[in-house]
Structure formats: C-alpha cells, structure tokens
1. Just checking, how many residues over region 242-261 are in contact with a helix residue (DSSP H, G or I) (Cβ under 9 Å, 6 or more places away or on another chain) and within 14 Å of SER173 (Cα to Cα)?
2. Restricting attention to region 83-107, and to residues there that are in a loop (DSSP other than H, G, I, E, B) and in contact with a Phe, Trp or Tyr (Cβ under 6 Å, 6 or more places away or on another chain), which single residue is surrounded by the fewest Cβ atoms within 10 Å (Cβ to Cβ)?
3. Residues that are within 29 Å of the chain's Cα centre (by Cα), open to solvent by 30 Å² or more (accessible area, probe 1.4 Å), at pLDDT 90 or above and over 19 Å from PHE213 (Cβ atoms): does region 26-36 have at least one?
4. Assigned to a helix (DSSP H, G or I) and loosely packed, with under 15 Cβ neighbours inside 10 Å: does that describe LEU48?
5. Please enumerate the residues belonging to region 175-197 that are more than 30 Å from GLU237 (Cα to Cα) and assigned to a loop (DSSP other than H, G, I, E, B).
6. With respect to GLU160, is the statement that it is in a loop (DSSP other than H, G, I, E, B), on the phi > 0 side of the Ramachandran plot, in contact with a Ser or Thr (Cβ under 7 Å, 6 or more places away or on another chain) and not hydroxyl-bearing (Ser, Thr, Tyr) true?
7. Mind telling me which of the residues ARG64, ARG75 ends up being open to solvent by 80 Å² or more (accessible area, probe 1.4 Å), outside any loop (DSSP other than H, G, I, E, B) and in contact with a strand residue (DSSP E or B) (Cβ under 8 Å, 6 or more places away or on another chain)?
8. Just for region 64-92: of the residues that are among the aliphatic types (A, V, I, L, M) and touching a residue at least 60 places away in the same chain (Cβ under 8 Å), which one is farthest from ARG229 (Cα to Cα)?
Amino acid sequence: METRGIEDMFDFRRFPKDAAVLLLLLIYFPVGICLMFIRIFIGVHVFLVSCALPESFIRRFVVRVMCSVLGMHVRQRNLRSRDKNTKLYICNHVTEFDHNIINLLTPCNTPQLEGSTGFMCWARGFMEIHLASGQGAIGESLRRYCSTAGTPPLLLFPEEDTTNGRVGLLKFSSWPFSLTDSVQPVALRVTRPLIASSTLESSWLMELLWTFFVPCTVYHVSWLPPVSRQDGESAQEFANKVQELLAGELGVVSTKITKADKAEHIKRKRHTVQQTSTSVRPGSIGLSFMVQSLGTDDHRIAKMAQQVKDVLPHVPLNVITKDLAKTNCVDTTITNLLENKEETPTEATGASVFGPSKISSYSPGSATTIKPAAKCFGKSPADRHLSLQERKEALYNFARRRYIEKHGLNQEDSH
C-alpha cells in the first residue's frame, strides 16, 4: 500500500521549529499558563450549563458563546447546503473535539466506537453503544438508528483517526457508507497560532489543556451538498467518491493510507527513537544533541558516525559525518579516513592522525603493537609504494579489529 507522505500528515512535535515563533511562544508562556487556569474554571461552568439546559437552539447558542471564551471559535460556510433531512454527516477528523464543534452548529450524535464508556463517554458528548456485540451488530444498530424517524443525524469520521488536516485524508472506511444511501459531507479545517493543533499519542485531556493555553483555536466548518449512492455502486466506491469531494474542498490529497498504517508508522518512529537513545554514549554530548535534533536519515548518519568515532577517536565528528554522507557505509568511511593522502586534523591538537607514532591495541588481553611507519626509506619508488601499502593494510586491520571487538561481532560476520 502506498504510504508516501505519511510523515507530513501528522504532527510529531508540539512546538514550532522557527526560532522567531519559538521566542514568541516563550514570551507568551506565562500569559498562557494564567489563561489556562482561568479557562479551566470557566470550562467547569460550561459543562454544568450544557448539562442543565435541554437540547435546543438556545442551549447551543449559549454554549457556543461560552466556548468562544474558552478559545474555541467556530466559523461555518455554505450553511444553505445543509440538508435537514439527511441522517448521516461524514466529516474528516482533525482533533479530539470535532464532534463537539459540529454539535454546536446542529444537533447530531457521534457513537463512541472505542475508548472509555459510562460517565466519561457521556461527559465528552459521545453516544454510547455496546461494543462487545461486534462490528456487524454495531453496523446494524446504527442502520436502525438512521431509519428511525425523529432521531438526530449521526456524525461519523470514516478516517477513524486524526490527521493534521493540512496534507491529506486517510482512506475512508466503507462501513459508514453502508448505513444509508445519502450522506452530507462536512469539511473541517482547524487553525491555531504558536503550536500544533494535535500531536500523535497525546490524550484528549492534554489536548484540552493546550486548547485552553493558546489564545484561540478556530474551527472552519464547510457544508457540502448531500451525496447519494448510484445504482450498482459499492460502499467502498461510495466512500472513495465522498473522500475525493472532501479532499477537493479542503485543498488536500486523497490517500490510501489507513489507520493501521498510521499505527505502524508510530510504532516504527518510537522504535527508532529508542534505538537512537540507547546507542548514544552519555559522554558524547555533541553527538547526542545532534541525534535528538535531526531527522530520521540524520539519526542513522549520527549513529554510524559514533561507530566510526569509536574506532578512530581522534578524528573530528564533522570530518566523519561529511564522509559518511558520501559513502553511507561505516567500513568505507574508516577505509577512506585511513587511506586519505591528505593529513586529517585531530580533534584536540590539529596534528595528523596518522603520524609516525605507534598505535597500540586497546584490548586488555592483547599486547599487539602496530608500527605504521616504515623502518627505512625505500631506495626505489616501488619499495616506497610497497611500504605505503603495508602501512595502509596494517592500519586498516587494526581499525577493523577494534571495531569488531567494540561491537561484539564475529570475525566471520565482518567479511
């Protein structure tokens, strides 16, 4: 399955990379903390008011105004396109509060398909259903709900997980489009200053606190005309058609990346970070900073640079990294540094790494001493070339043994 661009569809970090915006965020931070505590107090009253008032236009208006004080502003377009007879709204998924935002504009119910049940499910504004009955029974229950007269419309998110909403849509699941023959697409776009609207593996409670922290979060809701299924059109074809319509409205691409692909990507990302953190020695401060701040490819280069550094500790990291960027191989870089005809400056003194001094093996069980310098100056060019080759071979063999012993490799694996 094509997963190109999956990195761009999700925000892995909360704070911006731009130095100017980061400085502005640092200045705003004390104000944001005070604002967050004030909004927590107001938020409790918003919750109590929403529980006390019956479902009506007045309740939605009052709660919407109070949510604006909390920093959650809602704007909608194409209101005339909204069909009051439609029983199913289909919306893209950006934050944990998308269903609450749509519910401020029109009465609708969103079933809780996974996660907490009971009081927490009700408090967050979800409609509780019996998940233990299986996917087929859930679909049949929601189909009966849609066919029942007088019930509010259902609001479903066929992506089944959130994205940042700026690049593309996850592949729509087909089961929501088997509930009815007509759906109302709803395009949702979220903008927020200073920090990301949502990040991976962040809980809904943490997202709520960040919402209270920032000056405002603006939800842009656009209603598209209802779409009906054509004769002979399968549920997946119907889903793909609606997905293309929403992607066109939002100005993003329609991808085949699924919720499972996102979960696998998060797993790989977490594994890469763990490998990087365990491979960096505590003493390597400069390299540790570089590993934490660079991207995935740079993580790999930095890890290989540390391996070369273990073998050739006197070679500066910038020299090692520059050569690794060309070779992309630890052994080749070690060979290049050993065979380099130009003198490589050391990290501390600026002298040549490969001078006439002796290089002793670091292994406690070995007393081997390699003398890379020739015993005497060759009388002919052929002798001098042979002497150079012998020194290169001696240095290379020494470096290879040190690398193998350092990383616990077998001699057979190194060939």
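The values are calculated or read from the model by the stated rules, or taken from the named source; none is laboratory data. Bear in mind that the values here come from a model prediction, so they are computed numbers and not experimental data. Heads up, the Cβs are rebuilt from the backbone with ideal geometry, glycines too, and the neighbour counts pull from every protein chain shown. Note: areas computed on protein heavy atoms with side chains; ligands, DNA, RNA excluded. Shrake-Rupley method; radii C 1.70, N 1.55, O 1.52, S 1.80 Å.
1. Initially, region 242-261 is screened for residues in contact with a helix residue (DSSP H, G or I) (Cβ under 9 Å, 6 or more places away or on another chain), giving 242, 252-255, 257, 261.
Add one more test, that the residue is within 14 Å of SER173 (Cα to Cα), and what stays is 242, 254-255, 257, 261.
Residues that pass the stated criteria total 5.
2. So in region 83-107, the residues in a loop (DSSP other than H, G, I, E, B) come out as 83-87, 92-97, 106-107.
Add one more test, that the residue is in contact with a Phe, Trp or Tyr (Cβ under 6 Å, 6 or more places away or on another chain), and what stays is 93, 96.
Working: HIS93: 21, GLU96: 18.
That would be GLU96.
3. no
4. Details: assigned to a helix (DSSP H, G or I): yes; loosely packed, with under 15 Cβ neighbours inside 10 Å: yes.
It is true that LEU48 is assigned to a helix (DSSP H, G or I) and loosely packed, with under 15 Cβ neighbours inside 10 Å.
5. To start, the set of residues in region 175-197 that are more than 30 Å from GLU237 (Cα to Cα) comprises 191-197.
Result: ARG192, PRO193, LEU194, ILE195, ALA196, SER197.
6. Working: in a loop (DSSP other than H, G, I, E, B): yes; on the phi > 0 side of the Ramachandran plot: yes; in contact with a Ser or Thr (Cβ under 7 Å, 6 or more places away or on another chain): yes; not hydroxyl-bearing (Ser, Thr, Tyr): yes.
Yes, satisfied.
7. Working: ARG64 fails: open to solvent by 80 Å² or more (accessible area, probe 1.4 Å).
Within the list ARG64, ARG75, the selection yields ARG75.
8. Of region 64-92, the ones among the aliphatic types (A, V, I, L, M) are 65-66, 69-70, 72, 74, 79, 88, 90.
Going one step further and asking which of them are touching a residue at least 60 places away in the same chain (Cβ under 8 Å), we end up with 70, 72, 74, 79, 88, 90.
Values: LEU70: 40, MET72: 35, VAL74: 30, LEU79: 23, LEU88: 13, ILE90: 14 Å.
Among them, the one singled out is LEU70.
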